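First comes the structure, then the notes that go with it.
The values are calculated or read from the model by the stated rules, or taken from the named source; none is laboratory data. Given the structure is predicted, the values throughout are model-derived calculations rather than measurements. In this analysis, Cβ positions are derived from the backbone assuming ideal geometry, glycine residues included, and neighbour counts consider all displayed protein chains.
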Amino acid sequence: MKSYIALFRGINVGGNNMLPMKALSALLEKLGAHRVQTYIQSGNAVFQHEEENGSQLSSRIGAAIKESHGFEPRVLLLELAEMEQAVAANPFPEAEAEPKTLHLYFLASVPKNPDLQTLANLKRDNEEFRLIDKVFYLHAPDGIGRSKLAERAEKALGVAATARNWRTVGKVMTMAKQAN
């Protein structure tokens, strides 16, 4: 049995693509997941599954949501070690004291030609960012809602991404550790 952390993109945002966590848990269990736990409505789940191929499982989950709810969110599956590595590599440890200002964008793959210059041109004076492997770190003290950098990060990186603030990353990682 393999443990997975599932990060769903684009569910329960602004009244669109509604998928209650209870329904998500039931859907994952129907697909063979065990010990399913969810965290907040934005789409975070921890579970165990016999499937060894995370990419195939991710596709199956997305297709099942489309069939049952009429939309197909991006589903990024991580293993605990990947989440732990992302946390350990945080280049902005001083931002951890204000967890809502530090965001980790988990990327579907390592960007081949990221446009970091565009992001540097968009950033505010107090914003900082760093790309490390498949994680884009953004420290935005004024929040990401007003950040032009946050708004355009995925396009400039050139790969699919889903972002979580530091608090959510910590909670989901703790859940995954307890489930192991």
Condition met for F47 (aromatic (F, W, Y), in contact with a Phe, Trp or Tyr (Cβ under 9 Å, 6 or more places away or on another chain) and either outside the structural domain of E154 (by TED's automatic domain parsing) or at positive phi (or both)): yes
Among the small types (G, A, S), under 13 Å from the mean Cα position of the chain (by Cα) and at pLDDT 95 or above: which single residue out of A86, A64 fits that description? A86
Region 41-66: number of residues that are in contact (Cβ under 8 Å) with a residue 40 or more places away in the chain, under 17 Å from M83 (Cα atoms) and of a type outside the set (S, T, N, Q): 4
From the list A33, A45, A95, A108, exactly one residue is surrounded by 13 or more Cβ atoms within 10 Å (Cβ to Cβ) and under 24 Å from G158 (Cα atoms). Which is it? A108
Sort out which residues of region 144-180 are without any contact (Cβ under 8 Å) to a residue 60 or more places away in the chain, part of a helix (DSSP H, G or I) and hydroxyl-bearing (S, T, Y), and write them in order of number. T174
Which numbered condition R74 fails, given (1) surrounded by fewer than 16 Cβ atoms within 10 Å (Cβ to Cβ); (2) modelled with pLDDT under 95: (1)
Is region 52-74 home to any residue that is outside the structural domain of V159 (by TED's automatic domain parsing) and assigned to a strand (DSSP E or B)? yes
From the list F129, F136, exactly one residue is surrounded by 20 or more Cβ atoms within 10 Å (Cβ to Cβ), aromatic (F, W, Y) and farther than 19 Å from G10 by Cα. Which is it? F129
Any chance P141 is crowded, with 17+ Cβ neighbours inside 10 Å, touching a residue at least 12 places away in the same chain (Cβ under 8 Å), of a type outside the set (A, V, I, L, M, F, W, C) and not in a helix (DSSP H, G or I): no
